[in-house]
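Take a look at the structure set out below.
The values are calculated or read from the model by the stated rules, or taken from the named source; none is laboratory data. Source: prediction; values computed, not measured. When we count neighbours, we look across all protein chains shown, and the Cβ atoms used for this are built from the backbone with ideal geometry, even at glycine. When the accessible area is computed, the model is the full protein with side chains, heavy atoms only, and any ligands, DNA or RNA have been set aside. Shrake-Rupley method; radii C 1.70, N 1.55, O 1.52, S 1.80 Å.
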Amino acid sequence: MLKPLQKPAPVVCAYNEWDPLEEVVVGVVDGACIPPWHVALKATMPQSQWQFFLDHGGEPFPEPMIAAAREDLERFVRLLEAEGVTVRRPEVVDYARSFKTPDWESASGLYSAMPRDILLVIGDEIIEAPTCWRSRYHEIDAYRPLLREYFQQGARWTAAPKPLLRDELYKADYEEPAGDEPLYVINEVEPTFDAADFVRCGRDLFVQKSHVTNDLGIAWLSRHLGSDYRIHVVPVHDKHPMHIDATMMPLAPGKLLINPERLTRIPAAFRSWDVRPAPAPSSRADSALCSSWVSMNVLSLDEKRVIVEPSETELIRFFKSWGFEPIPCSFRNFNLFGGSFHCATLDVRRRGELRSYF
Ligand code: ABU
């Protein structure tokens with residue numbers, strides 16, 4: 001008797017942040033440039049760092065900084081491979097080249113260090129995010145060979161509408177609000193979002209509005225994904241919101257790690273979950289491109305194993321007492337570029353299926 005034809009296993013497939021990790025893209029820092037000054041940076045970067053961007057925007061990051069971060073990344077890649085995970089990398093690009101559209105010009109690009117920001121995997125679909133920093137307009141190009149390959153192997157490949165990023169998108173006179181009312185540097189002129197403003201829990205996705213993700217961007221993704229998914233907008237207590245993965249991290253079914261300074265109102269959906277505040281970061285010094293809370297920007301290999309920076313000793317203790325197996329990996333030099341393990345990766349394939357956890 002003829003055997004029924006077996007469908008090949010999908011090459012791109014991830015529904016949540018914790019199913020067993022099989023394939024991942026890890027970013028590269030080579031060619032990275034300091035982003036040119038723009039009001040979108042003013043809204044998100046620590047004030048102590050503004051002068052750095054004003055003085056050096058558009059220049060390549062100093063070579064010793066790049067070399068040290070490259071070493072962190074290579075150690076991280078070896079660790080992932082030793083755990084049986086297939087690691088893919090984007091192309092190395094020289095971001096020092098300027099570029100322009102008919103409406104604006106950018107003195108340089110940024111980097112291909114953070115695939116999490118610009119690509120979102122939902123099931124067998126890989127989605128290019130309509131990111132709103134002008135310096136990131138061509139960042140996706142470094143991933144084209146990978147995207148083409150995944151497409152040829154059966155993945156669905158989608159790009160959200162490429163935004164125009166004209167002046168009208170930005171509030172040119174943006175100042176940090178004195179009170180607690182959220183105010184964002186971007187308007188609702190066209191859909192924009194960074195993929196890192198979403199975290200996935202099967203049929204439920206959680207997103208924060210931010211200085212890079214607007215209501216139109218959230219509506220675009222929601223309509224695109226359709227009725228198989230529910231998107232929950234999470235109110236956060238953060239004057240510089242940009243990427244939810246240092247604010248809340250679902251680690252396993254029923255286990256949510258939160259930043260107690262930013263997630264002061266737990267979304268109702270998590271009522272039956274074990275929600276625990278992350279310990280304070282080991283150092284409270286913000287780097288040029290991110291806050292010290294990247295301490296909780298961990299990468300899960302499965303429901304138990306999480307990759308953590310070894311100097312976060314309190315967090316490591318906390319994970320152990322919560323039943324996790326933290327795997328230390330030095331990443332401080334990479335952190336200076338604006339993120340940690342979750343930001344530096346895109347989980348292309350996790351072994352699991354679409355489920356509801358709520
Ligand atoms: N790109 C993640 C950084 C988030 C934060 O600075 O808190």
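Remarks
- Pairs, first part of a strand (DSSP E or B) and open to solvent by 10 Å² or more (accessible area, probe 1.4 Å) in region 112-134, second among the β-branched types (Val, Ile, Thr) and within 14 Å of the ligand (Cβ to nearest atom), C-beta under 8 Å, six or more apart: 128/118
- Verdict on residue 145 being assigned to a loop (DSSP other than H, G, I, E, B), at negative phi and away from the ligand (no atom under 16 Å from the Cβ): no
- Residue list for region 220-279, filter: among the hydroxyl-bearing types (Ser, Thr, Tyr) and within 16 Å of the ligand (Cβ to nearest atom): 247, 264
- Take the conditions (1) within 19 Å of residue 32 (Cβ to Cβ); (2) free of Cβ contacts under 8 Å to residues at least 40 places away in the same chain; (3) open to solvent by 60 Å² or more (accessible area, probe 1.4 Å); (4) assigned to a helix (DSSP H, G or I); residue 97 misses just one of them, which is (4).
- Among residues of region 334-357, those that are away from the ligand (no atom under 16 Å from the Cβ) and at pLDDT below 95, counted: 0
- Which listed residue, of 298, 306, is away from the ligand (no atom under 16 Å from the Cβ), β-branched (Val, Ile, Thr) and surrounded by 16 or more Cβ atoms within 10 Å (Cβ to Cβ): 306
- Under the condition of being part of a loop (DSSP other than H, G, I, E, B) and either under 19 Å from residue 162 (Cβ atoms) or open to solvent by 10 Å² or more (accessible area, probe 1.4 Å) (or both), the residues counted in region 175-220 number 23.
- Test for residue 224: is it in a strand (DSSP E or B), open to solvent by 10 Å² or more (accessible area, probe 1.4 Å), over 18 Å from residue 343 (Cβ atoms) and touching a strand residue (DSSP E or B) at 6+ places or on another chain (Cβ under 8 Å): no
- Cβ separations smaller than 6 Å between residues 6+ apart or across chains give no pair from region 39-53 residues that are within 15 Å of residue 285 (Cα to Cα) and aromatic (Phe, Trp, Tyr) to residues that are in a helix (DSSP H, G or I) and open to solvent by 10 Å² or more (accessible area, probe 1.4 Å).
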